[in-house]
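Q: Before anything else, here's the structure in question.
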Amino acid sequence: MFRFVYPLAFLLLLPLLLVQRFPQRRIRTYLALSVPPQVRGQARVAAPPHWITHIPSYCLFGFLCLLIVLMAEPTLETRDTYDIQESRSLLILLDTSASMVQTGLLQRVVTGFLVPFIHDRPQEDRIAVVRFDTDASGGIFTRNHQGVIQELTRPSLMHQLDLDRDRALLRARGTQMGIGLFKALTSFVEDEVDTRVAEQRLDLATQKTVYGELQDVLRRFLWHLLQKHEGTFPLHIPLMPRLAEVGAGKSLLVITDGQLLESTSSATQVDYLKLLGYYAELGMNHLYFINLKTHPGQLNPLLQKYPAWKAFTWNQTQAGLQSIFTEIAKDMEIMEYDKGLVSVKTQEHPIFHWFLPSLILLLLAVGLRLHKRIRRFP
């Protein structure tokens, strides 16, 4: 598809056209009165045509027009290229609620243990972060470990909260552990679909259809969870005939104080225990729960049903928390690899070389200007 990167450069053509159309001063032949009429007629016949004497101006004007076209950077086609490599994907679900911030647990765990853990991850690993408190945010997988660390340690994440405001929000909405798990699951699913789209090199129209179907499924899935409907919701993820393939090479690390895992709370919008069942359906075999204060008994049935999942309770010592992160790192080292979308690059094909022959116009204009034999007959 032909397009211009800088179409506004064509505005330079306006003054150029005005200069070209500006009337030029005509040369008066004062000596023509002393020339016999017969000689003047022969001179007009011998003089070159008017358009020939203006060839240098035409060439120079054409070269300037093409130069402006080049300044607009014409490109023939734009195409996205995908870099897909084998990698592991880790999503960190981080509790940023008031109880974590005001007690200093969040800053202590993040700066003292989580940052070194991320820094030591292999470079091929992809990492994303989802936070949850009275709301939750999504995460995008990236291999930029330093960027993830900067996001975790930004001051606004660990600021001192307004006690009255936070208590009011907690009473009204509760801490959204379930919403955080839903956002994390959404990140896993969207990332897997992105990889399948890149592998199959789908065109833009097909991509639009796939992503539309995916968002519709996720929207209905969240509605099912919010309304607390009985029964399970059938996940039909585009390009994923086998749902268990989603969890290959992926792991989830949940860090919370453990007091926020009460699924029976009236303020809880999404039952996280029910949502964890869908993680198992997607083949997520590497789930880790770090409970900084108490061990939630609600997890015990799920841990017995899925022995690959692990829950850790901190004994409030530095060595104890370090041993937890060390054990998780060792467990992830033996995890299988999966294909992941590393980067998307937009390639444009400039057609500058098509305009190289326009240099002939410049050379022709300069040559004719210097050629003394082609000039207006006085």
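Q: Please determine, by comparing only the residues of region 309-328 that are surrounded by 13 or more Cβ atoms within 10 Å (Cβ to Cβ) and small (Gly, Ala, Ser), which one is farthest from Ile140 (Cα to Cα).
A: Per the criteria, the residue is Ser323.
Q: To continue, here is another question. Quick one: is Glu190 of a type in the set (D, E, K, R) and at pLDDT 90 or above?
A: On the way: of a type in the set (D, E, K, R): yes; at pLDDT 90 or above: yes.
Against the criterion (of a type in the set (D, E, K, R) and at pLDDT 90 or above), Glu190 qualifies.
Q: Ok, one more. Only residues that are modelled with pLDDT of 65 or more, surrounded by fewer than 20 Cβ atoms within 10 Å (Cβ to Cβ) and more than 26 Å from Gly212 (Cβ to Cβ): list them for region 162-187, please.
A: Answer for region 162-187, where residues must be modelled with pLDDT of 65 or more, surrounded by fewer than 20 Cβ atoms within 10 Å (Cβ to Cβ) and more than 26 Å from Gly212 (Cβ to Cβ): there is none.
Q: Looking at Ala311, Ala319, Ala329, which is the one that is over 24 Å from Leu252 (Cβ atoms), at pLDDT 90 or above and not aromatic (Phe, Trp, Tyr)?
A: Ala319
Q: Just name the residue that is modelled with the highest pLDDT out of those in region 193-206 that are among the charged types (D, E, K, R) and either outside any helix (DSSP H, G or I) or more than 20 Å from Ser137 (Cβ to Cβ) (or both).
A: The qualifying residue modelled with the highest pLDDT is Arg196.
Q: Which residue pairs have Cβ atoms closer than 7 Å, lie 6 or more positions apart in sequence or on different chains, and pair a first residue in region 250-263 that is farther than 25 Å from Ile140 by Cα with a second residue that is in a strand (DSSP E or B) and at pLDDT below 65?
A: Correct list of pairs: empty, since none qualify.
Q: Of all residues in region 209-220, which are surrounded by 11 or more Cβ atoms within 10 Å (Cβ to Cβ), within 20 Å of Lys274 (Cα to Cα) and either free of Cβ contacts under 8 Å to residues at least 24 places away in the same chain or not assigned by TED's automatic domain parsing to the domain that holds Tyr272 (or both)?
A: Passing the criteria: Val217, Arg220.
The values are calculated or read from the model by the stated rules, or taken from the named source; none is laboratory data. Nothing here was measured: the structure is a model prediction, and the numbers come from that model. Here the Cβ is made from the backbone with ideal geometry for all residues, glycine too, and neighbour counts use every protein chain on show.
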